[in-house]
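Beneath this line is the structure, given in structure tokens, with notes to follow.
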Amino acid sequence: MPAMMTRDARDAARCIAAGHLAVIPTETVYGLGALANDEHAVSRVFATKGRPIDHPLIAHILDARAAQDWADAIPEYAHPLMDAFWPGPLTLVCARNNRAADFITGGQDTVALRVPGSPVAREVLAIVSEITNDASVAIAAPSANRFGGVSPTTAQHAIEEIGDRLTTDDVVLDAGPCAIGIESTIVDCTADQPRIVRLGKVTAEDVEHATGMQLGGSSQVRAPGMLAAHYSPRASVLLVKEAQLQEQAMPSGAALIAPYGVPTPPGLVRLSEPATTEEYAADLYRAFREADSLQLSTVVVVPPSGAGLADAVRDRITRAAHA
Ligand code: TXA
Ligand code: MG
């Protein structure tokens, strides 16, 4: 792993400003960041992930004001969303303007924008903005995993995924485990009503409440990273209800992820027993990774119950089970 490891946001910011790549923490998952206007650096992001170039990236910006420099025709209802959830785990897809080049939008006429809530991510953005003397500077950053894999929630996980593809000029910024642990909510703001593209910590109800609007039907924007089979470990994921776990035979030696209080049947290896939905989200990807590092061929998962963040966690488990 030739890239430099650091705990200092300044190292990552200087690296990005100089046109290299930095693995950066956010409150959701770790991202692989590049200066969004630097075509060469952005092309390295795609190559490092093994991601098809028509899959657009999220541009991370400092504040809602900067959004005006990347998006055209931001609808009225997007403003209360920015006010309520930025900085935070919400990405808005808007019509792009010409600052959002084809090489970050995957050639689409929309751009995905997010103001991250993690203080470390914000520090990186603030320093990049200072160095480049650009208040609207953006860091393009997909999750720092190989294409189709599980998003990293620690710096170490990111290194396991892409460390061998970074260079000595690149930097990995370690700020400990991500607080939320699953990717941001994505809302399509290109139609008359907001539509959910990807569930996350900001819930459908949150979006309705903040905008005072009903959500539109399924989004028409193309979000290629939302393929049914995504976010998956190498192990196959078996989604079961608690009752099935107790009543039916489970593959022997399989891993088990289930809420706290659900007993582990004999022969299964318990990898996670989160006591709350928040803990579930924060521990899910770590547990998927542990199943793979233990070379277990199956992970049995009892999903969290309830609405809100639990919907988002079930969405990721379902996609992982689809692979
Ligand atoms: O929490 C997150 O959002 C993390 C952190 C690092 O910010 N980032 C992340 O990026 O999850 P990524 O690239 O792994 O997933 C972004 C998703 C992809 O499914 C992509 O297709 C979709 O956002 N997306 C990006 N730009 C879009 C656009 N203009 N229209 C529709 N979907 C878009
Ligand atoms: Mg991703």
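With the Kirkwood sum run over all distinct C-alpha pairs, region 1-128 has a hydrodynamic radius of 15.0 Å.
Given a 1.4 Å probe and the protein chains as shown, residue 208 ends up with an accessible area of around 70 Å².
Counting pairs of alpha carbon atoms under 8 Å apart in space and at least six apart in sequence, what relative contact order in percent does the chain give?
On the way: 757 pairs, mean separation 66.5, N = 323.
Reported as a whole number, the value is 21 percent.
Rg/Rh for region 70-123 stands at 1.01; both radii use Cα atoms, and Rh follows the Kirkwood definition. Taking every Cα-Cα distance in region 10-49 and sorting them into 10 Å bins from zero, the calculated P(r) comes out as 33, 55, 12 percent.
Fraction of C-alpha pairs exceeding 15 angstrom in region 89-171: 69 percent, rounded to a whole number. The convex hull of the Cα atoms of the chain, projected and averaged over all directions, covers 15.2 nm². The phi torsions of region 246-251, fed into the Karplus equation with coefficients 6.51, -1.76 and 1.60 and a -60° offset, translate into couplings of 7, 9, 10, 6, 9, x Hz, rounded to whole numbers, with Gly and Pro shown as x. For region 1-159, relative contact order (Cα pairs under 8 Å, six or more residues apart, normalised by length) works out to 34 percent.
Centroid-to-centroid, using Cα positions, region 1-28 and region 54-115 are 22 Å apart.
The chymotrypsin sites (Phe, Trp or Tyr not before Pro) found in region 203-296 that occupy coil by DSSP, while having at most 15 further C-beta atoms within 10 Å, are 260.
Counted over region 144-210 with a bin width of 5 Å, the fraction of Cα pairs per bin, in whole percents, is 3, 14, 19, 17, 13, 12, 11, 7, 3, 0.
Rounded to a whole number of µm²/s, how large is the Stokes-Einstein D of region 152-287 at 37 °C and 0.692 mPa s, given Rh as the Kirkwood radius over C-alpha pairs? Kindly include the intermediate steps, with their values, before the conclusion.
Numbers: Rh = 18.1 Å.
In µm²/s, the coefficient rounds to 181.
Ranked from largest to smallest solvent-accessible area, with a 1.4 Å probe on the protein heavy atoms, 5, 213, 82 come out as 5, 213, 82.
Dimensions of region 224-323 from C-alpha coordinates, computed as largest minus smallest value along each principal axis and given longest first, are 39, 28, 21 Å. Per the Debye calculation on region 125-174 with a single equal scatterer at every Cα and no solvent contribution, log₁₀ I(q)/I(0) for q = 0.15, 0.24 Å⁻¹ amounts to -0.52, -0.93.
Entry note: region 84-237 has Rg to Rh equal to 0.96, where both radii use alpha-carbon atoms and Rh is the Kirkwood radius. Solvent-accessible area of residue 241, all protein chains in place: 150 Å² (probe radius 1.4 Å, heavy atoms, ligands and nucleic acids excluded).
Of the listed residues 157, 322, 79, the order by accessible area with a 1.4 Å probe, largest first, is 322, 79, 157.
These residues, 159, 257, go from largest to smallest accessible area, 1.4 Å probe, as 159, 257.
The values are calculated or read from the model by the stated rules, or taken from the named source; none is laboratory data. Being a predicted model, the structure only gives us computed values, none of them experimental. Heads up, the Cβs are rebuilt from the backbone with ideal geometry, glycines too, and the neighbour counts pull from every protein chain shown. Calculation scope for accessible area: heavy atoms of the full protein, side chains included, ligands and nucleic acids excluded. Shrake-Rupley method; radii C 1.70, N 1.55, O 1.52, S 1.80 Å.
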